[in-house]
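One structure below.
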Protein chains: 2
Amino acid sequence: MQAARFLPILSWARSYGRGELSSDLMAAVIVTIMLIPQSLAYALLAGLPPEAGLYASIAPILLYAILGTSRALAVGPVAVVSLLTASAVGQVAEQGTAGYAVAALTLAFISGGFLLLLGVLRLGFLANFLSHPVIAGFITASGILIAASQLKHVLGISAHGHTLLEILGSLASHLNAVNWITVIIGGSAAAFLFWVRRGLKPALLRLGASEGVADVLTKAGPIAVVTASTAAVWAMDLADRGVKIVGEVPQSLPPLTMPGLAPELLEALLVPAILISVIGFVESVSVAQTLAAKKRQRIDPDQELIGLGAANIGAAFTGGYPVTGGFARSVVNFDAGAETPAAGAFTAIGLAIAALALTPLVYFLPNATLAATIIVAVMSLVDFSILRKTWAYSRADFIAVAATILLTLGLGVEIGVASGVAISVLLHLYKTSSPHVAEVGRVPGTEHFRNTLRHKVETDPSVLTLRVDESLYFVNARVLEELIYNRIANGSKLKHIVLMFSAVNEVDYSALECLEAINHRLKALGIGLHLSEVKGPVMDRLKRSHFIENLNGQVFLSQQNAWVTLSTQSVVSDANRDHAGEDGVESATSGNTAVAVAHHR
Amino acid sequence: MQAARFLPILSWARSYGRGELSSDLMAAVIVTIMLIPQSLAYALLAGLPPEAGLYASIAPILLYAILGTSRALAVGPVAVVSLLTASAVGQVAEQGTAGYAVAALTLAFISGGFLLLLGVLRLGFLANFLSHPVIAGFITASGILIAASQLKHVLGISAHGHTLLEILGSLASHLNAVNWITVIIGGSAAAFLFWVRRGLKPALLRLGASEGVADVLTKAGPIAVVTASTAAVWAMDLADRGVKIVGEVPQSLPPLTMPGLAPELLEALLVPAILISVIGFVESVSVAQTLAAKKRQRIDPDQELIGLGAANIGAAFTGGYPVTGGFARSVVNFDAGAETPAAGAFTAIGLAIAALALTPLVYFLPNATLAATIIVAVMSLVDFSILRKTWAYSRADFIAVAATILLTLGLGVEIGVASGVAISVLLHLYKTSSPHVAEVGRVPGTEHFRNTLRHKVETDPSVLTLRVDESLYFVNARVLEELIYNRIANGSKLKHIVLMFSAVNEVDYSALECLEAINHRLKALGIGLHLSEVKGPVMDRLKRSHFIENLNGQVFLSQQNAWVTLSTQSVVSDANRDHAGEDGVESATSGNTAVAVAHHR
């Protein structure tokens, strides 16, 4: 178990059987076919020679298969990271020079080192800062962006852009150049794949096929489309009629390379590398968590940091550039039935073979078919129902998801995700900044105390019991002070204030200072300040200060104790005061406590 | 009351009497004398002609006196903002050109507009993100930085730098140029002022002076020093012997100016202006809050935004540059006895008169005396006891304060404060990311339920009651899921899990999804999931989802209800099961509940 924690491969490799093997092999074939042209395209996007994309998919994917915890994550070059690489490396070297390629290796090296560092420090919990709604919004918006970016291949035109408006604007301005044969290939491929996904399996089952056969045939859809369209292009010489094809790919295994380690290069690339690491990790973990959740599996974010860090270090030494768990490729991998990271290893082997020998086979594969595969895969993740669900449940969650979707579509994935996280955190802090404080009374006949506004409860005009419904810390510490001072101004008969701490999980130093100020002021006014139901950890901490010993009152184990003690005292002492009985009209003595029934507002 | 909220001047101007007038006038005289050379120095620091510093102190201080809520805050050019101005404006215009001065006006204009916007939107609560320890650390570190930066005037040498190391290094490298006459003036001024602050009042009281006389004489200390040292320099021709003096100041009232409003200028200065606004607001509010707390007064952060915004707009139209509530000048103002913002208005009048006519009087004032005044004033705020207090109470608060002090000294005030806030927020989130979950049982003879590890309580092996000591939200949602799954694996006799929600103040959408997942899994295992003591606001929200209707169990008003209901059921149903009584050894039937006394570990 302990070894499997550090080498996740051990958790699945021992029980690896024929079922997994066939699933993984099929997924690897599909992903390999998809990755060859995609890797080339991403490398060009990063400003690197095409083969760098292939190399970046081989060693990293193998290292991740050994060290990563996601069963379906496909590691390699991805669009966002490729773009970030181009912009970072472009600032230190001229595109096309040897220095440029070395800087890309260095970027992968620093990025990998940073991820490993976070992993060793076990800072993977940082991924929890991505709330479910933010992840759902991000995935939906990214799916739309990826699909939109692939439309150019289906239309046979060129287009650029990182935001939805940029992409659609660019597509619109090139619409006059649409290649209709490409549209037919891409359109029919997409239509066929959508049908395979939605209609084929039920149709096969109706025709009497067994569940297993229907499943395999359904998953073979992409292979059928790739084969058919490649054959069509080859047979009808469609490449000569403007249909873009994958074409010739250089043939070689990944070389052994060294990243540049000059201090000024490391310094110049440090910040971009950290940015790439964080965005890559966030993208990778959110994809991995989503895919794992679909199969009720789990991933370990700390170990993911190690896996992705090793993958990037691997890329740095084998002619690649920064990599991460890719969105589209992981979805295709998952969809094609990948069961274990072995699918990734097979993909790496497939890519190595392809890089060496098999590339001529995809020479006639039209880009439009690949684009169709990607579009169909990512569209299945576009799900706007999260907007409706969060709207119904919580406006704060709705704002977070809506902002994530809009900002991802409008300003790109990096800004979208970062804003989603920032907005979730700020909304949470905002919610805790004005704590709910309920005045409570005893539910008659019980030892249970509830909100006077929601329940019919017993109260006592000389004892004010406030249940503080939030941990007290710097953001809200002053609010309680204001609230109590306002209550004192109103209640002249008040002799005791009890703070019921059942919902206070923390009292930080700022809040301690506010409590001391409250105690000081109440003491001057002759009003007792008491605490009840203080939890162990909070009490342990309060005892480290002088607050408890200076407290102008008592700490009660339960609110019932506080009620019995203080309410009795108040009746006795009320009777000794000049205006005793002034409020006797509304209170009736029941046992040894003064009871006033608060009405349910 | 309502008018006073929007025009804070109304809250003090009506009851303004002779006592306030004399205090304010004396403070204004001291601050005016201090501000004339300081303003000139800050303007030079900002790369502007010297008179800009004077102009930036006149209209802004008047506007703040009308609209601001702090009694002692002195608004004007400050060191940090002057530095930020130089760096921002330097990127869009050449120093010494007319465009440079216009860009500085524009910077003040945008900054003022942004502060007004935040104020109108009532976003002043953002100042609460500055915890008490962070403010204390920031003030201590800034005091040290300011004192260190003034040492050069006392030594009669030149030095630069924004961090403690830079300043001390620069001082050390110029030590060979020390002017000993300056050291004698500055040193004796500082020694005298320290004695005035610590020893004069007790000495006067011992000599039979009344409290009031002692107070006035004590506060007149700085004036005495200024007068004596100016006279000494004049009489002994010390300026010819290398003692730096204030010298000649141009004579004119503030002119009417227009900020540049070209879109590209606004765009280029937007981000720096926002940065300056935020840092200025944070500095100003932390100074204002500290000074207000010393006199048990309060400030309104929303109204502070309005006051500071108006002050900056004022600076933009009267030949100034960005201003904020200054640290050193506010402390001097407070120390000199300022009672109301009228002190600021008098200071503005004093500066206007000085700018027009009186500047020759301070011609011979040595810079060393002014530096001594500032050093003595800020050293009184340096207080490291916050380190000891937070260390004893809470490591998280200690880390926040230590980081704020170290980063402010080591990297400058901007980074120091920003890091302090960021570290406090992250530590708070980190603390909530792994919630304390206590297994609870009933305190015998009561309806009160406490931690089984801390108290001697009744438990039932078939009912697991978990008190969740944290609001459930995205950062910690998964932790509860893990914890419950781990508990299921251990307890095979478990039939009911009760989540006691007395300390759960929020359940966000991410946590709702986790609760649904827990419910789904427990249902499959035949274990009931119940909630108890759910608060009104949390219950209201849960009812908006399908969670309650799908719940495989009940929601109990009180934990006592849950205990009585479920514990009875479990005894009855246990008796019908094959292995009934297996755990009967450790449980005894008491009334209608099975009781097992957990030992105090």
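Structural remarks
- Here is the figure for the range B:477-512: residues that are surrounded by fewer than 23 Cβ atoms within 10 Å (Cβ to Cβ) and out of contact with any strand residue (DSSP E or B) (no Cβ under 9 Å at 6 or more places or on another chain) total 9.
- Residue check for B:HIS448: in contact (Cβ under 8 Å) with a residue 60 or more places away in the chain, within 9 Å of another protein chain (Cβ to nearest Cβ), under 24 Å from A:ASN505 (Cα atoms) and not charged (D, E, K, R): no
- The range A:104-134: number of residues that are in a helix (DSSP H, G or I) and more than 30 Å from A:LYS389 (Cα to Cα): 17
- Selection of first residues in the range B:128-140 that are within 7 Å of chain A (Cβ to nearest Cβ) and of second residues that are part of a helix (DSSP H, G or I) and acidic (Asp, Glu), restricted to Cβ pairs under 7 Å at least 6 apart or on distinct chains, gives the following pairs, ordered by first then second residue: B:HIS132/A:GLU513; B:PRO133/B:ASP397.
- Considering B:LEU480, B:LEU522, B:LEU499, B:LEU494, the condition of being in a strand (DSSP E or B) and more than 7 Å from chain A (Cβ to nearest Cβ) is satisfied by B:LEU499 alone.
- Candidates B:THR359, B:THR390, filtered to the one that is more than 18 Å from B:ILE144 (Cα to Cα), part of a helix (DSSP H, G or I), touching a Pro at 6+ places or on another chain (Cβ under 9 Å) and modelled with pLDDT under 90: B:THR359
- Scanning the range A:378-395 for residues that are touching a residue at least 12 places away in the same chain (Cβ under 8 Å) and either of a type in the set (D, E, K, R) or more than 10 Å from every other protein chain (Cβ to nearest Cβ) (or both) yields A:VAL378, A:MET379, A:SER380, A:LEU381, A:VAL382, A:ASP383, A:PHE384, A:LEU387.
- Residue in the range B:129-162 that is nearest to the chain's Cα centre (by Cα), counting only those that are more than 14 Å from B:VAL417 (Cβ to Cβ) and polar (S, T, N, Q): B:SER149
- When the range B:408-443 is filtered for residues that are in a helix (DSSP H, G or I), touching a residue at least 40 places away in the same chain (Cβ under 8 Å) and over 15 Å from the mean Cα position of the chain (by Cα), the ones remaining, listed by number, are B:LEU409, B:GLY410, B:LEU411, B:LEU429, B:THR432, B:SER433.
- Against the numbered list (1) in contact with a helix residue (DSSP H, G or I) (Cβ under 7 Å, 6 or more places away or on another chain); (2) assigned to a helix (DSSP H, G or I); (3) of a type in the set (Val, Ile, Thr), B:THR340 comes up short only at (2).
- Residue in the range B:468-476 that is surrounded by fewer than 19 Cβ atoms within 10 Å (Cβ to Cβ) and of a type outside the set (Phe, Trp, Tyr) present: no
For every residue, the table says whether it meets (1) under 24 Å from A:PRO272 (Cα atoms); (2) surrounded by fewer than 24 Cβ atoms within 10 Å (Cβ to Cβ).
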{"residue": "A:LEU35", "(1), (2)": "no, no"}
{"residue": "A:ALA46", "(1), (2)": "yes, no"}
{"residue": "A:GLY53", "(1), (2)": "yes, no"}
{"residue": "A:LEU62", "(1), (2)": "no, yes"}
{"residue": "A:ALA74", "(1), (2)": "yes, no"}
{"residue": "A:LEU84", "(1), (2)": "yes, yes"}
{"residue": "A:GLN95", "(1), (2)": "yes, yes"}
{"residue": "A:ALA101", "(1), (2)": "yes, yes"}
{"residue": "A:SER111", "(1), (2)": "yes, no"}
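- A:ILE399 meets all of the listed conditions (1) β-branched (Val, Ile, Thr); (2) away from chain B (no Cβ under 14 Å); (3) in contact (Cβ under 8 Å) with a residue 24 or more places away in the chain but one, namely (2).
Here's the yes/no breakdown for (1) among the hydrophobic types (A, V, I, L, M, F, W, C); (2) touching a Cys at 6+ places or on another chain (Cβ under 8 Å); (3) closer than 16 Å to B:ASN552 by Cβ:
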| site | (1), (2), (3) |
| --- | --- |
| B:LEU483 | yes, no, no |
| B:LYS495 | no, no, yes |
| B:LEU499 | yes, no, yes |
| B:ALA503 | yes, no, no |
| B:GLU506 | no, no, no |
| B:SER510 | no, no, no |
| B:LEU515 | yes, no, yes |
| B:ASN519 | no, no, yes |
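- Flag for A:SER590 being among the hydroxyl-bearing types (Ser, Thr, Tyr), touching an Asp or Glu at 6+ places or on another chain (Cβ under 7 Å) and at pLDDT below 90: no
- Residue check, A:GLN95 more than 14 Å from every other protein chain (Cβ to nearest Cβ) and either assigned to a helix (DSSP H, G or I) or among the β-branched types (Val, Ile, Thr) (or both): no
- Some residue of the range B:502-515 being under 23 Å from A:PRO435 (Cβ atoms), acidic (Asp, Glu) and not in a loop (DSSP other than H, G, I, E, B): no
- The conditions of being free of Cβ contacts under 8 Å to residues at least 12 places away in the same chain, aliphatic (A, V, I, L, M) and either facing another protein chain (nearest Cβ under 8 Å) or out of contact with any strand residue (DSSP E or B) (no Cβ under 8 Å at 6 or more places or on another chain) (or both) are not met by B:ILE405.
- Count of residues meeting criterion [touching a Gly at 6+ places or on another chain (Cβ under 9 Å), part of a helix (DSSP H, G or I) and farther than 30 Å from A:THR97 by Cβ] in the range A:242-283: 0
- Residues satisfying the stated conditions in the range A:530-551, i.e. of a type in the set (D, E, K, R) and either within 11 Å of chain B (Cβ to nearest Cβ) or surrounded by 14 or more Cβ atoms within 10 Å (Cβ to Cβ) (or both): A:GLU533, A:LYS535, A:ASP540, A:ARG541, A:LYS543, A:ARG544
- Residues satisfying the stated conditions in the range A:451-477, i.e. over 27 Å from B:VAL425 (Cα atoms) and either assigned to a helix (DSSP H, G or I) or facing another protein chain (nearest Cβ under 7 Å) (or both): A:ASN451, A:ARG454
- Any chance B:SER87 is assigned to a loop (DSSP other than H, G, I, E, B) and either farther than 22 Å from B:ALA371 by Cα or of a type in the set (Val, Ile, Thr) (or both): no
- Test for A:LEU275: is it farther than 23 Å from A:ARG122 by Cβ and in contact with a helix residue (DSSP H, G or I) (Cβ under 8 Å, 6 or more places away or on another chain): no
- Number of residues in the range A:249-269 that are loosely packed, with under 11 Cβ neighbours inside 10 Å and closer than 22 Å to A:ALA352 by Cβ equals 2.
- Within the range A:146-167, the set of residues being closer than 16 Å to A:LEU409 by Cα and out of contact with any Gly (no Cβ under 8 Å at 6 or more places or on another chain) comprises A:ILE146, A:ALA147, A:ALA148, A:GLN150, A:LEU151, A:HIS160, A:GLU166.
- When the criteria are applied in full, A:VAL507 meets the requirement of being closer than 28 Å to B:GLU447 by Cβ, at pLDDT 90 or above and of a type in the set (Val, Ile, Thr).
The values are calculated or read from the model by the stated rules, or taken from the named source; none is laboratory data. Computed from a prediction, not measured in an experiment: that's the story for all the values here. Backbone-built Cβ (ideal geometry, glycine too); neighbour counts: all protein chains shown.
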